[in-house]
Amino acid sequence: MHPEHAQLQADRIYLGWQYALLHPDPGPAPRRPSPVEDPAFEIDPEWVRRERLNEDLLNRPVKIVRGFMIALALLVAGVSATGLLDWSFAAVGLAASLGVAGFCTYAVHQGDRAVRHRIEERRSAVDRRRQERDRELFLAQEEHAARYREWAEQKERYDRQLTWYAVTVPDEIDRLDVAGGTLPGWSALITLLGATRLYSGGHLTVLDLSEGAIAKDLIELARRGGDDPLVWVLPVDLPRLDLGATLAPEAFADVLAHVVSVSEEHRTTRDLSFDNAILERVLEVLGTNATINQVTAALRALAQVGDPREDLRLGLITATQLERIGTLFGRGVSDRVVIERAWALESQLRKLETLGSEAVRLPPARLRVVSMDRQAGVFGNRVLGTYVATALTHILRQSPGSERPWYHTIIVAGADKLRGDVLDRLMDACETSRTGLVLTYRSLTPTVRERLGRGHAAVAFMRLGNAEDARVASEHVGTEHRLELAQLTETISAAGAGLDGGYTSTVGQTDEDGDVHATGHADLKEDITESTEWGRRATKALGDTERVLHRSREFLVEPHQLQQLPTTSVIVTDATAQGRRVRLADANPAILTFPKTTLGEFEEIRERLLEPFAAREDRPRDPDREPNPFEDAPPNLGPPPPRLDWRRRQ
């Protein structure tokens, strides 16, 4: 699966990229054997000189005797020529002296022949060794040529192979729980997950309770893709938020009761029922289209707080409604309890008084982001977040189930700020309506631990700074798993310093504002590079990290390792028919733009590549069948490299 041939699949939830190598590094090229200049393969001139010198020393006495005998023969011949010696005696002397001289000459000649023979034997032995060395060198060079061709093929496969594979979970799961992580890490994960859902034709709602503008890149990416995202920044955009305006009075009372309980962690179902009963009766008096400010005015009248004539003057309640509110409950002890609860309800719901007061008809958008202003109060943001989550829950409960799972996806960033019962109701509503749900938690509180991975859900762990959270996460994953972490992940994650700026509200803008949006872009890679901060960071960092593209290290899932994970690293665990899978992914969306990244999964591609070889090996051989070069030939890997001939003499 070449990267250009892989397409986004709507039935998969993309969570990151796994670094893996199908073909290991073949290492350096095999070294070519070369002849070594060895003195043992050359005859030593010094040895020849010594041999001849020794022979000369041995022949010196013989040569002296030969010279003396020749001189004696000349003397005898001279004496006999003068007549002083008889020729008979001279002939005997000449024969004896010349015989001895001839014998000495033969002895010297034999010595010289022996020396020449030894030199020739030494030269022949050296030549034989040289020829044997040349034969061994030629064989070694032929073997090296074969090894080099094999190495070149392995090197080509290694250089051309894919290195980043998609980490996905099927859309059969109901929920994704993300535990731990930093704001930049959440930004990367939500940008990747949201972009793949939007570009595969889905809809996305982000409830950002982190106050960190983690969906800012996703908004820019959606805008470049031709969509006009809707962004509410609460509480500034609370008047233009009409979420929950169409709820029935019973559902509206339930929503408000849960909003009030946000500050009381230990409240029971009985307390919620009591608040719900008060609100339902108040809404019955106000009518079906009651607003939050009308509800708070009625609660002030019920709690006997302030002057009701001011609310009458503003038209929040009528005199008839004020009279009916005064007779809703009896007098005595129960009346004091109702007054206390009405006062508590009014003090918290007044933060929502402007809800929907300036609601306008907004154009449809496939991306909707509801965020909390970091400059607002912490308690007020929790109230607003609880209201949005609870209102979404009731809307999902009333909507029919989707024909396609995860067609609509809800992301709640900072879900640990919501009460456990609010989360439970949201999970159940998403499951019944087949809406995808992603919950991110900064810390593993007892409430989070009870719900982490519950039901048919996948769990992802990011960096866990707290030691106790890291211990719980390592026990959940299992410390026996060995994961591979790319050095590129550590390098690029370190380059991302954090998030800058915040959200810009769009619900108050109209087409006349002059905003120009890109339209019709379908290239996700190009859009990530051009419109996201992650794409720009990766492009800048890649120039300095070319040397670490193929470096990685392994680690065990231990607490201290989880505390040192790079910001974009995600450990994904999900259950399959073959058992539970544990994979390490990099959620950086810019990895999709790398030339060796594919949208296929590692296991899928490995099985696809190994399947032809396994089928060919398992196929029974028919001895009577004629060989088919098209079936029996190895796979076509392209033109072979030129044959190397190491036997050519230099």
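The values are calculated or read from the model by the stated rules, or taken from the named source; none is laboratory data. Everything quoted here is computed from the prediction, not taken from an experiment. A quick note on method: Cβ atoms are made from the backbone with ideal geometry, for glycine too, and the neighbour counts reach across all protein chains shown. With ligands, DNA and RNA removed, areas are computed over all heavy atoms of the protein, side chains included. Shrake-Rupley method; radii C 1.70, N 1.55, O 1.52, S 1.80 Å.
Just name the residue that is surrounded by the most Cβ atoms within 10 Å (Cβ to Cβ) out of those in segment 542-564 that are more than 14 Å from His481 (Cβ to Cβ) and at pLDDT 90 or above. Write out each step before concluding.
Here is the first cut: in segment 542-564, the residues more than 14 Å from His481 (Cβ to Cβ) are 542-553, 560, 563-564.
Checking which are at pLDDT 90 or above leaves us with 560, 563-564.
Numbers: His560: 12, Gln563: 17, Gln564: 15.
If we take residues in segment 542-564 being more than 14 Å from His481 (Cβ to Cβ) and at pLDDT 90 or above, then Gln563 is surrounded by the most Cβ atoms within 10 Å (Cβ to Cβ).
Give just the number: which of (1) under 23 Å from Leu230 (Cα atoms); (2) open to solvent by 50 Å² or more (accessible area, probe 1.4 Å); (3) not acidic (Asp, Glu) does Leu384 not satisfy?
Here Leu384 meets the rest and fails (2).
Just to be sure, is Glu358 among the acidic types (Asp, Glu), modelled with pLDDT of 85 or more and open to solvent by 10 Å² or more (accessible area, probe 1.4 Å)?
Working: among the acidic types (Asp, Glu): yes; modelled with pLDDT of 85 or more: no; open to solvent by 10 Å² or more (accessible area, probe 1.4 Å): yes.
No.
Being buried (at least 24 other Cβ atoms within 10 Å of the Cβ) and either modelled with pLDDT under 90 or within 24 Å of the chain's Cα centre (by Cα) (or both) narrows it down to one residue among Ile173, Ile214; which is it? Spell out how you get there, then give the answer.
Details: Ile173 fails: buried (at least 24 other Cβ atoms within 10 Å of the Cβ).
The conditions single out Ile214.
Which one of Ala303, Ala277, Ala248, Ala253 is crowded, with 21+ Cβ neighbours inside 10 Å and of a type outside the set (Ser, Thr, Tyr)?
Working: Ala303 fails: crowded, with 21+ Cβ neighbours inside 10 Å; Ala277 fails: crowded, with 21+ Cβ neighbours inside 10 Å; Ala248 fails: crowded, with 21+ Cβ neighbours inside 10 Å.
None of the other options fit; the residue is Ala253.
Could you check segment 66-90 and list, in sequence order, the residues that are assigned to a helix (DSSP H, G or I), of a type in the set (A, V, I, L, M, F, W, C) and open to solvent by 60 Å² or more (accessible area, probe 1.4 Å)? Lay out the reasoning, then the answer.
Filtering segment 66-90 for residues assigned to a helix (DSSP H, G or I) gives 66-82, 87-90.
If we keep only those that are of a type in the set (A, V, I, L, M, F, W, C) as well, we get 68-77, 79, 81, 87, 89-90.
Within segment 66-90, Phe68, Ile70, Leu72, Leu74, Leu75, Ala81, Trp87, Phe89 qualify.
Just to check your reading of the model, which residue among Ala107, Ala179, Ala114 is open to solvent by less than 60 Å² (accessible area, probe 1.4 Å) and modelled with pLDDT of 90 or more? So that I can check it myself, show each step before the final result.
On the way: Ala107 fails: modelled with pLDDT of 90 or more; Ala114 fails: modelled with pLDDT of 90 or more.
Result: Ala179 is the single residue among Ala107, Ala179, Ala114 that is open to solvent by less than 60 Å² (accessible area, probe 1.4 Å) and modelled with pLDDT of 90 or more.
Going by the conditions given, is Gly185 assigned to a helix (DSSP H, G or I), touching a residue at least 24 places away in the same chain (Cβ under 8 Å), closer than 30 Å to Ile43 by Cα and not hydrophobic (A, V, I, L, M, F, W, C)? Can you show your working first?
Numbers: assigned to a helix (DSSP H, G or I): yes; touching a residue at least 24 places away in the same chain (Cβ under 8 Å): yes; closer than 30 Å to Ile43 by Cα: no; not hydrophobic (A, V, I, L, M, F, W, C): yes.
In short, no.
Restricting attention to segment 361-381, which residues are among the small types (Gly, Ala, Ser) and either within 37 Å of the chain's Cα centre (by Cα) or buried (at least 23 other Cβ atoms within 10 Å of the Cβ) (or both)? I'd like the intermediate steps shown before the answer.
Applying the first criterion (among the small types (Gly, Ala, Ser)) to segment 361-381 yields 365, 371, 376-377, 380.
Once the filter is applied, which keeps residues that are among the small types (Gly, Ala, Ser) and either within 37 Å of the chain's Cα centre (by Cα) or buried (at least 23 other Cβ atoms within 10 Å of the Cβ) (or both), segment 361-381 yields Ala365, Ser371, Ala376.
Only one of these is open to solvent by 20 Å² or more (accessible area, probe 1.4 Å), farther than 20 Å from Phe461 by Cα and either modelled with pLDDT of 90 or more or under 21 Å from the mean Cα position of the chain (by Cα) (or both): Arg619, Arg606, Arg581. Name it. It would help to see each step written out before you state the result.
Numbers: Arg619 fails: either modelled with pLDDT of 90 or more or under 21 Å from the mean Cα position of the chain (by Cα) (or both); Arg581 fails: farther than 20 Å from Phe461 by Cα.
Among Arg619, Arg606, Arg581, only Arg606 is open to solvent by 20 Å² or more (accessible area, probe 1.4 Å), farther than 20 Å from Phe461 by Cα and either modelled with pLDDT of 90 or more or under 21 Å from the mean Cα position of the chain (by Cα) (or both).
May I ask you to verify whether Gly93 is modelled with pLDDT of 85 or more and open to solvent by less than 60 Å² (accessible area, probe 1.4 Å)?
Here the answer is no, as Gly93 does not meet what is asked.
Suppose the filter is within 26 Å of the chain's Cα centre (by Cα), crowded, with 18+ Cβ neighbours inside 10 Å and touching a residue at least 40 places away in the same chain (Cβ under 8 Å); does Ala389 pass it?
Numbers: within 26 Å of the chain's Cα centre (by Cα): no; crowded, with 18+ Cβ neighbours inside 10 Å: yes; touching a residue at least 40 places away in the same chain (Cβ under 8 Å): yes.
Against the criterion (within 26 Å of the chain's Cα centre (by Cα), crowded, with 18+ Cβ neighbours inside 10 Å and touching a residue at least 40 places away in the same chain (Cβ under 8 Å)), Ala389 does not qualify.
Quick check: anything in segment 503-513 at pLDDT below 70 and closer than 18 Å to Ala587 by Cα?
So in segment 503-513, the residues at pLDDT below 70 come out as 508-513.
So of that shortlist, the ones also closer than 18 Å to Ala587 by Cα come out as none.
No - not one qualifying residue is present in segment 503-513.
Which pairs do you get when a residue that is closer than 20 Å to Val472 by Cβ and open to solvent by 20 Å² or more (accessible area, probe 1.4 Å), found in segment 430-451, comes within reach of a residue that is part of a helix (DSSP H, G or I) and of a type in the set (D, E, K, R), reach meaning Cβ atoms under 7 angstrom, with the pair 6+ apart or on two chains?
Partner pairs satisfying both residue conditions: Arg442/Asp416; Ser443/Asp416; Ser443/Asp469; Thr445/Asp416.
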